[in-house]
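Heads up, the thing below is written out as structure tokens.
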Amino acid sequence: MEKTVVQFILENIFLFLPIGLVGIVSTLILMLISKKENIPRSETMESNYITIYHVRFNIYFLVYLFIWIIILLIGLFSNFIIPTIIGGIIAIIPFIVFIIIEYKTKNVKVR
Amino acid sequence: MFFIEINQNFAEQTRFLAFFIGLIAIVWLFLVYYSNKKYGTKKTVIYFLPIIIATLIIESAGVASGRYYYPGYIIYLSVVGGGVPLIIILAWSANLFLFLNLGRHVISKIYQKRNKFQIILISALAGLFGVCLDLLEDPIAHYNNWWIWEGTLEGIKFFEVPILNFIGWFVLIFFMSIATLLIERSRYSENRKILLSLSSLSITGTTIFVVHGLIVKLFELAGLS
């Protein structure tokens, strides 16, 4: 009978417990013995853009869109139409959020 | 305990698997190249290696538990008894890097303060974006046998995919994003950050394990699982 991953880990706790304990102890040691030396740099978001035919695209959203298109095409060619369309609509939400945020923040800058 | 298996019957029982593998390979290579170019090798290791190790263990446990399996891939890795395709592990690392940066991009536009609350917002959005894409990907994957969910699994399903799978996606991306951002923004040296990103996997993994376990229990109590 199939189990959840949690049940599986609990049944094999003697395998996972030592690994977990070693990790926790080494993390604490690393945090305590290390002196903090680096001053974190601020993140620049502007450099994540590329220009294609005079239009600026965010690289990460271009990658997301690429994955969305390919998976959508595979779903449609698989004749799995309804789930693909429903899933496709849900999966385009991040892209819509991105466009709205881009548009809103662009307007704020202009003002 | 750890083994690598080569499958001779590529794409057996599956449809369009080569396209799916090709998609992951292209995206993973591009993101690793881009991360290495933009952030350097050490940060790329922090972004990609911990999630590779974490998902190798989680996915291997998932397969070993008998909930799902992956037919037709070429290279399988196993750490706790369940064979997981190498490409699936790489896909997880691409997922985390992509959704973390998408979340960071959107949140930094609306909430500029670099504090713990911003980390939580970024991680939550990264998790939600991940679930959005998985709601498209997982039913197609199950339909084309890229991975197969056991038909005997009970509970609420979204086109044959258990809802707990999507909750698992959110929990994993959320907590891995928090850990990655906390380490990335700490003031330790780069080498120390790499070591911390690996050793802290036990803490992140335990947190994921406890939170997901509690959600599973809640679902059981509510009669949804």
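The values are calculated or read from the model by the stated rules, or taken from the named source; none is laboratory data. Small disclaimer: the values here were computed from a predicted structure and weren't measured. A quick note on method: Cβ atoms are made from the backbone with ideal geometry, for glycine too, and the neighbour counts reach across all protein chains shown. To get the accessible areas, we keep the full protein, side chains included, count just its heavy atoms, and leave off ligands, DNA and RNA. Shrake-Rupley method; radii C 1.70, N 1.55, O 1.52, S 1.80 Å.
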For this session: Would you mind stating whether A:TYR103 is at pLDDT 85 or above, assigned to a helix (DSSP H, G or I), more than 24 Å from B:THR204 (Cα to Cα) and open to solvent by 60 Å² or more (accessible area, probe 1.4 Å)?
Result: yes
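Is there a residue in segment B:110-132 that is within 17 Å of the chain's Cα centre (by Cα), free of Cβ contacts under 8 Å to residues at least 12 places away in the same chain and over 15 Å from B:ILE178 (Cα atoms)? I'd like the intermediate steps shown before the answer.
First pass over segment B:110-132, keeping only residues within 17 Å of the chain's Cα centre (by Cα): B:122-132.
Applying the additional criterion that residues be free of Cβ contacts under 8 Å to residues at least 12 places away in the same chain yields B:132.
From the residues that got through so far, the ones that are over 15 Å from B:ILE178 (Cα atoms) too are B:132.
There is at least one residue in segment B:110-132 that is within 17 Å of the chain's Cα centre (by Cα), free of Cβ contacts under 8 Å to residues at least 12 places away in the same chain and over 15 Å from B:ILE178 (Cα atoms).
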For this session: Report yes if some residue within segment A:78-88 is surrounded by fewer than 15 Cβ atoms within 10 Å (Cβ to Cβ), more than 7 Å from chain B (Cβ to nearest Cβ) and under 14 Å from B:PHE16 (Cβ atoms); otherwise report no.
Result: yes
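Answer with yes or no whether B:SER189 is polar (S, T, N, Q) and farther than 22 Å from B:LEU102 by Cβ.
yes
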Seminar exercise, completed: Checking A:ILE9, A:ILE39 in turn, the sole residue that is in a loop (DSSP other than H, G, I, E, B), facing chain B (nearest Cβ under 7 Å) and modelled with pLDDT under 85 turns out to be A:ILE39
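Would you mind finding the one in B:ILE51, B:ILE24 that is closer than 26 Å to B:ILE183 by Cα, part of a helix (DSSP H, G or I), open to solvent by less than 30 Å² (accessible area, probe 1.4 Å) and at pLDDT 95 or above? Let's see the steps before the verdict.
On the way: B:ILE24 fails: closer than 26 Å to B:ILE183 by Cα.
On inspection, the qualifying residue turns out to be B:ILE51.
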Exercise. What number of residues within segment B:92-124 are within 12 Å of chain A (Cβ to nearest Cβ), among the hydroxyl-bearing types (Ser, Thr, Tyr) and either in contact with a Cys (Cβ under 7 Å, 6 or more places away or on another chain) or in a helix (DSSP H, G or I) (or both)?
Worked result: 1
Seminar exercise, completed: Filter segment A:58-77 for residues that are more than 8 Å from every other protein chain (Cβ to nearest Cβ) and more than 19 Å from B:TRP28 (Cα to Cα); the one that is nearest to the chain's Cα centre (by Cα) is A:LEU73
For this session: Sort through B:SER93, B:SER78 and tell me the only one that's under 25 Å from A:ALA91 (Cβ atoms) and buried (at least 17 other Cβ atoms within 10 Å of the Cβ).
Result: B:SER93
